[in-house]
Amino acid sequence: MATITQAQVQIYIYTGTFGVIPSTPQYTLVKDKLSSESIISFEVAELVKDYIDVTFTGDYENIEQSAWVHFKITRSFDNDTTDTLTRDVIAFTGYGEFEDGINPKLSNGFLLSNTNIYINNNDIAYLPFYKSNEKDNAFKVEYLKGSSTILTEFVSGSVLELTVDSSNIKADTSGFKADATRKRSSSSKKFKKHSEVPNEATSVKLTLADGTIDTRTIYRIDECKYDPCKISFINKFGVIQDLYFFKRKDDSFESERDEYHKSILSRSTSTTYDLFTHSKKTIDITATKKFIANTGYVTEDHNEVIKQLMVTEYCWIHKFIDGDQTVVPIMPTTTSFVEKKEVTDKLLNFTVEFEYANNFIQNIR
């Protein structure tokens, strides 16, 4: 039996229509098999991630957060023969935790961790779930008011394996995993769905392709004292998740500057100086806007949501600018928090500090 001696992996990363593969790969990796090992493995997660651009404008139907990846593996054997394997997957910026082990499976249902969902009653809300447009299987989403179904969304398609975090491509086998899943639809933006939540819904039930049912509770909150703020961020599943902060929000402003002393002496006819000229000058002025927001009382499952918010690479706040609602990029700056438990803390409120991701003074050059 022939033994593998070397493997080459070509990685093609692209967006848009599935199958329109670039003519040249972004990466070509080559490895020889070590004498102490029986397989050849390639780590590709960080390489692929560099080519996934996340764009969110507040339009939930056109979020850009994924890319197609075409792998072409050429294997060389000790009997001077070669063969070629190919695989097409879809990649995005999800992650697994250390305790999950290598290549942990991502959810094939709801793409959020919390089982209790808090929504501003005066807002249009969206929930992310896993969607497939293939025809060999199906799942459905049902919104309920009490025990009565008020809306059903039925989507045909397969629910296939989805993986995240560390990627291990084994070149001596016919299959491999690469932070992604199989083809979901013709567009790399349509592997998931953000579903609009009906105003009267008190729960949402998702039926998976294998018949498994997952139900989440929906709470519509009427906040009469504070103006709730809506934060959107990329969660551990690599999709946009919304989190509402219903209670007190404190805005702040911070500036920094350098100073130098300038000579203002004038020696035209005599040595003097102008009383109206600055002798102490400021340069390199920078300013940032910050705010601290409170969730209000939520359930214990929001510990996980706050963790994912704190480590996210992409985050936005929804704001009205000149009468139009838009999203503004921000960064969570809270670096630690103590997990809250209902048995000891009773009522759970989370406080998070944010900083706007652009300087107050426009300095784009």
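Residue count for the stretch 338-365, restricted to those that are open to solvent by less than 100 Å² (accessible area, probe 1.4 Å), closer than 26 Å to Glu256 by Cα and not acidic (Asp, Glu): 9. The residue that is least open to solvent (accessible area, probe 1.4 Å), counting only those in the stretch 17-40 that are among the aliphatic types (A, V, I, L, M), more than 13 Å from Trp68 (Cβ to Cβ) and touching a strand residue (DSSP E or B) at 6+ places or on another chain (Cβ under 8 Å), is Ile40.
Within the stretch 270-296, if we keep just the residues that are out of contact with any Asp or Glu (no Cβ under 9 Å at 6 or more places or on another chain) and open to solvent by 80 Å² or more (accessible area, probe 1.4 Å), the residue that is nearest to Lys230 (Cα to Cα) turns out to be His278. Just one residue in the set Ile150, Ile124, Ile90, Ile102 is open to solvent by less than 10 Å² (accessible area, probe 1.4 Å) and either assigned to a strand (DSSP E or B) or at pLDDT 80 or above (or both); that residue is Ile90.
Residues of the stretch 236-269 that are open to solvent by less than 10 Å² (accessible area, probe 1.4 Å), farther than 16 Å from Ile119 by Cβ and either of a type in the set (A, V, I, L, M, F, W, C) or modelled with pLDDT of 95 or more (or both): Val239 alone. For the stretch 314-330, the candidate set comprises residues that are touching a Ser or Thr at 6+ places or on another chain (Cβ under 9 Å) and either free of Cβ contacts under 8 Å to residues at least 24 places away in the same chain or assigned to a strand (DSSP E or B) (or both); within that set, the residue that is surrounded by the fewest Cβ atoms within 10 Å (Cβ to Cβ) is Phe320. For the stretch 46-75, give me each residue that is in contact (Cβ under 8 Å) with a residue 60 or more places away in the chain and hydrophobic (A, V, I, L, M, F, W, C). Result: Val48, Val54, Phe56, Ile63, Ala67, Trp68, Val69, Phe71, Ile73.
The values are calculated or read from the model by the stated rules, or taken from the named source; none is laboratory data. As the structure is a prediction and not an experimental result, all values here were calculated from the model. Counting neighbours? That spans all protein chains shown, and the Cβs are built from the backbone with ideal geometry, glycine included. Please note that ligands, DNA and RNA were not included when accessible areas were found on the heavy atoms of the full protein model with its side chains. Shrake-Rupley method; radii C 1.70, N 1.55, O 1.52, S 1.80 Å.
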